[in-house]
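One structure is given here, and the rest of the page talks about it.
The values are calculated or read from the model by the stated rules, or taken from the named source; none is laboratory data. Please read all numbers here as calculations on a predicted model, not as lab measurements. Glycine also receives a Cβ, built like all others from the backbone with ideal geometry; neighbour counts cover every protein chain displayed. All accessible areas refer to the heavy atoms of the entire protein, side chains included, with ligands and DNA or RNA removed. Shrake-Rupley method; radii C 1.70, N 1.55, O 1.52, S 1.80 Å.
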Amino acid sequence: MCRLNALLVVAALLLGCAQAGEKGDRDKAMAFLTGAEALVTAGENAKAADMCKRALGEDSTCPAVYFKLAQIQEQLRQSKDAFKNYQTAAELAKKEKDNALASKAQAAAEKLGGGAVALTAADNKLIDKLLPLADEALENEQLETARSAYASIVALKPTHEKAKEGLDKAEKALAARGDPIKARLAGAMLAEVFYDVGIGKFDDATKMAQDIVSKHGGTAAAKEAEQLLANNFAPPKNIDAQVAEAKKQLKEQAAKAKKATATKPPPSSGSVSTAPVVVQAPAVDVDAIEKTATEDAKKVAKAGLVQALKDTFAKGKEFYKNATPGSEGNQKNVASALEEFIRCEQLFLRIDAEKLITPEVSTLEKQASMLRYACMKMTILSH
């Protein structure tokens, strides 16, 4: 009969909670808490613990629920969990200025204490070490590492707000990024598409772009491959916007490379590194290249501008031709080609200002613009 009465109390409470509508999470949590107390009276401690957890699902900051859960866990001989929840109850009660509950919860924690105190101290030390590692991993877009570190902190201390916030950010970023291996493969294939377009192998570029779309749909590379196919590899109408976005990404890469170099510890004296060497494309300072190219273009005599454009374009094409994806030195050749095509752009601006544009010059400018963008994308995709 006692058990039946307890269940009836729980049912009535849940019904009342549903009828209360929008009274708030604390109201719902307290309704579940009353139900848990009824279950404890009926001797249903395991079910009472579950009821407390449901209460925390409604309001994860309710100190009274943590205190009751700790009492139940103590009865269930779950000492470590009980100790943590007593401490959480005390911490939250202090924030709510409920000094009576805070003192009661702290006293219960100290009474249970002993080895649990040492375990909690060890947990806090581990959290202090994990949090900066998690933050750094998130900043460097090492999302799986960040997620694991934040999740470990939350497991040790469920009320750790910064870790909960970091975990949420990492999970959202992972969901947005998708499969990193798939994205990496698609990016490498897209770099090859840009290369084939640049050297005039349009059939090979078409086949590769179609493979990206069919095998790696949903990735950023697949979306760009679709756009290239739709435009028949002609420069997109919004080429200026795409170049601007590529420049932004290159700046971010350069900043990260600079930061990594600045924070990298010097090798110890006499030590020999056995770590594998990972070769990445050099960071490209587009602003610096554009500034130099602008100054150089100003120095060219008016009569020599068109020929300078032709020579610079030819030089860029030669570097580009030698930038076969995956080959030794291709990244350096891509960077050199990009520099020449940026020079082409600045020379064209001078030619335009001097009213020397011809159909041949316009064609060269369009090709140089597309190849400049291709070089930027190949550099971005190589990181």
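Can you pull out the residues in segment 361-370 that are touching a residue at least 12 places away in the same chain (Cβ under 8 Å) and farther than 15 Å from residue 240 by Cβ?
Answer for segment 361-370, where residues must be touching a residue at least 12 places away in the same chain (Cβ under 8 Å) and farther than 15 Å from residue 240 by Cβ: 361, 364, 367.
Is there any pair with a first residue in segment 95-113 that is more than 14 Å from residue 65 (Cα to Cα) and a second that is part of a loop (DSSP other than H, G, I, E, B) and open to solvent by 40 Å² or more (accessible area, probe 1.4 Å) whose Cβ atoms are under 9 Å apart and which are 6 or more apart or on different chains, and what are they?
95/61
Just for helices (runs of 4 or more DSSP H) wholly inside segment 131-204: which have at least 1 residues that are β-branched (Val, Ile, Thr) and surrounded by 15 or more Cβ atoms within 10 Å (Cβ to Cβ)?
In segment 131-204, 143-156, 180-198 are the helices (runs of 4 or more DSSP H) which contain 1 or more residues that are β-branched (Val, Ile, Thr) and surrounded by 15 or more Cβ atoms within 10 Å (Cβ to Cβ).
Of all residues in segment 217-260 being among the acidic types (Asp, Glu) and modelled with pLDDT of 80 or more, which is nearest to the chain's Cα centre (by Cα)? Quick ask: steps written out before the conclusion?
Step one: list which residues in segment 217-260 are among the acidic types (Asp, Glu), which gives 224, 226, 240, 245, 252.
When the remaining residues are screened for being modelled with pLDDT of 80 or more, the result is 224, 226.
Details: 224: 21, 226: 25 Å.
Per the criteria, the residue is 224.
If I filter segment 261-284 for residues that are open to solvent by less than 60 Å² (accessible area, probe 1.4 Å), farther than 17 Å from residue 198 by Cα and at pLDDT 85 or above, do I get at least one hit?
no
Which condition number does residue 210 fail, the rest of (1) modelled with pLDDT of 60 or more; (2) within 30 Å of residue 347 (Cα to Cα); (3) not basic (Lys, Arg) being met?
Among (1) modelled with pLDDT of 60 or more; (2) within 30 Å of residue 347 (Cα to Cα); (3) not basic (Lys, Arg), residue 210 violates only (2).
Picking from 69, 56, 92, which residue would you name as being touching a Lys or Arg at 6+ places or on another chain (Cβ under 8 Å), aliphatic (A, V, I, L, M), open to solvent by less than 40 Å² (accessible area, probe 1.4 Å) and under 19 Å from residue 157 (Cα atoms)? Show your work before the answer.
On the way: 56 fails: touching a Lys or Arg at 6+ places or on another chain (Cβ under 8 Å); 92 fails: touching a Lys or Arg at 6+ places or on another chain (Cβ under 8 Å).
Testing whether each residue is touching a Lys or Arg at 6+ places or on another chain (Cβ under 8 Å), aliphatic (A, V, I, L, M), open to solvent by less than 40 Å² (accessible area, probe 1.4 Å) and under 19 Å from residue 157 (Cα atoms) leaves just 69.
For segment 102-117, indicate whether the set of residues that are under 37 Å from the mean Cα position of the chain (by Cα) and surrounded by fewer than 17 Cβ atoms within 10 Å (Cβ to Cβ) is non-empty. Write out each step before concluding.
We begin by selecting, within segment 102-117, every residue under 37 Å from the mean Cα position of the chain (by Cα); these are 116-117.
Next cut, surrounded by fewer than 17 Cβ atoms within 10 Å (Cβ to Cβ) only: 117.
Yes.
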